[in-house]
Each structure stands twice: as C-alpha cells, then as structure tokens.
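What follows is one structure encoded as structure tokens, with my remarks underneath.
The values are calculated or read from the model by the stated rules, or taken from the named source; none is laboratory data. The model shown is predicted, which means the values in this text are computed figures rather than measured ones. Counting neighbours? That spans all protein chains shown, and the Cβs are built from the backbone with ideal geometry, glycine included.
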Amino acid sequence: MILEVKDLTVWYGSIRALNKVSFEVDKGESVALIGPNGAGKSTALRAITGILSLYGGRIENGEIFLKGKSIKGIPPYKLVKKGISLVPQERRIFPTLTVKENLEMGGYIIKPSLLKKKIEEVFELFPILRERQKQKAGTLSGGEQQILAIGRALVMDPELLLLDEPLLGLSPNYIKEVMEKLKEIQKKRNQCINC
C-alpha cells in the first residue's frame with residue numbers, strides 16, 4: 001500500500017470539513033474521490049500534501065501514512081522529496097514563465113541532467129508542450145494549462161500523483177485528451193511496477 005488515510009478529521013475554523021475519512025491507495029492503483037462541491041475532496045488532498053494550513057485548515061484527528069510511515073505534519077517540500085506530486089484544482093502555473101520554465105520549476109530539486117531527461121519524457125507524452133515550450137504559460141488555453149500542470153507534476157516522477165478536479169473547465173476535446181493521457185501514464189506506471 002502506498003497511501004493510507006485513517007479517520008481523518010479536518011476543521012476550517014469552526015467548520016468541520018472532514019469527519020473520520022478513511023481510504024487506501026495501493027501501488028499502481030487509480031482511486032477517485034467522488035462527491036459534490038464542498039464534500040471535502042480538495043481538503044483531503046491538501047491534508048495529504050501538507051498544504052492544508054495554507055488554506056486555514058487543521059487536522060484535528062487521524063493519520064496519513066505513505067508506504068507505512070506517518071507523514072502528518074511533514075512540510076510540503078519534504079513530501080515532494082518523498083514522491084508526492086499534486087496537480088491543484090487551480091492549476092497554479094507560473095503565467096509569466098515559459099512552458100519549459102514551468103516544467104523546470106516542477107523539477108527544482110533534481111539534478112539538471114535528470115531534469116532534462118524528465119522534461120523530454122513530458123514532451124513525448126504531451127507534444128503540444130514541446131511545440132509551445134517557449135510560449136508564456138499564461139497565454140495557453142485552459143486545456144493546455146491543465147496539461148502543463150500535469151506535466152510539471154510528472155517531472156518529479158512521483159510515486160503518488162494526486163489530481164484535484166483535473167477535468168474542471170475543459171472543453172470536450174481536452175477532457176478526452178487528458179483522460180487518455182492519464183490512462184497512458186497509469187499503464188506505463190503499472191508496467192514498471194510489474195517489471
């Protein structure tokens with residue numbers, strides 16, 4: 001098991017956003033958190049990635065384990081080093097940087113030679129990013145920005161890739177493309193697990 005969330009309770013001030021939520025993710029598995037707006041999906045991802053306090057939230061009870069070790073309270077930058085990448089709902093690209101510079105920011109903690117290789121892998125997965133690599137990220141369409149956000153997360157070659165509302169606001173064409181690419185990523189990951 002790569003991730004275990006156990007009895008997680010989260011508050012924003014006097015509002016309880018999660019109440020004893022538990023779920024598990026096995027290595028190589030895709031899991032979706034489904035529910036209406038305000039159900040706590042984003043809150044769960046923020047708790048896992050250590051950014052909950054940036055949104056005014058706090059974990060009151062529960063545990064979060066990555067590969068059997070507690071990660072509750074570990075700073076986000078350390079969780080990235082442990083293999084967790086998040087594609088936030090808001091995309092959070094750097095609009096004034098180029099596409100390539102955004103990808104480089106995604107791999108800021110890895111060696112330059114490895115970073116170059118990982119960016120090339122992202123370009124192979126998402127050819128549109130190669131075409132637009134010198135373009136300012138803020139000038140991309142919404143679908144292209146979402147693809148860039150996913151690519152930036154993949155640069156770190158995460159063991160656990162978390163996507164918050166990855167299809168929100170996308171055109172039908174981009175929804176289809178993003179879903180196909182996510183399936184392709186999953187297939188490649190599962191091949192590596194089984195090899």
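Count of region 119-131 residues, restricted to those that are buried (at least 20 other Cβ atoms within 10 Å of the Cβ) and at pLDDT 95 or above, is 3.
Across region 147-174, the number of residues qualifying as hydrophobic (A, V, I, L, M, F, W, C) and either under 15 Å from residue 128 (Cα atoms) or not assigned by TED's automatic domain parsing to the domain that holds residue 113 (or both) comes to 4.
Would you call residue 41 surrounded by 13 or more Cβ atoms within 10 Å (Cβ to Cβ), farther than 21 Å from residue 58 by Cβ and not assigned by TED's automatic domain parsing to the domain that holds residue 88? So residue 41 does not fit the description; no. The listed residues are 144, 180, and the only one of them that is in a helix (DSSP H, G or I) and exposed (fewer than 13 other Cβ atoms within 10 Å of the Cβ) turns out to be 180. Filtering 27, 69 for residues that are at pLDDT below 95, at negative phi and not hydroxyl-bearing (Ser, Thr, Tyr) leaves a single hit, 27. Return yes when residue 185 is more than 26 Å from residue 26 (Cα to Cα), outside the structural domain of residue 31 (by TED's automatic domain parsing) and not small (Gly, Ala, Ser) and no when it is not. So residue 185 does not fit the description; no. Only one of the numbered conditions (1) among the β-branched types (Val, Ile, Thr); (2) outside the structural domain of residue 163 (by TED's automatic domain parsing); (3) surrounded by 14 or more Cβ atoms within 10 Å (Cβ to Cβ); (4) over 20 Å from residue 159 (Cα atoms) is not met by residue 98, and that is (2). Among the residues of region 111-144, the one identified as under 19 Å from residue 176 (Cβ atoms) and β-branched (Val, Ile, Thr) is 128. Residues in region 147-177 that are among the hydrophobic types (A, V, I, L, M, F, W, C), buried (at least 20 other Cβ atoms within 10 Å of the Cβ) and assigned to a helix (DSSP H, G or I): 147, 148, 149, 150, 153, 154.
Residue-wise test of (1) touching a Phe, Trp or Tyr at 6+ places or on another chain (Cβ under 9 Å); (2) among the aliphatic types (A, V, I, L, M).
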site	(1), (2)
161	no, yes
165	no, no
168	no, yes
172	no, no
181	yes, no
185	no, yes
188	no, no
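There is at least one residue in region 66-76 that is in contact (Cβ under 8 Å) with a residue 60 or more places away in the chain, part of a loop (DSSP other than H, G, I, E, B) and surrounded by fewer than 16 Cβ atoms within 10 Å (Cβ to Cβ). Every condition in (1) in a helix (DSSP H, G or I); (2) more than 21 Å from residue 161 (Cα to Cα) is met by residue 37 except one, and the failing one is (1).
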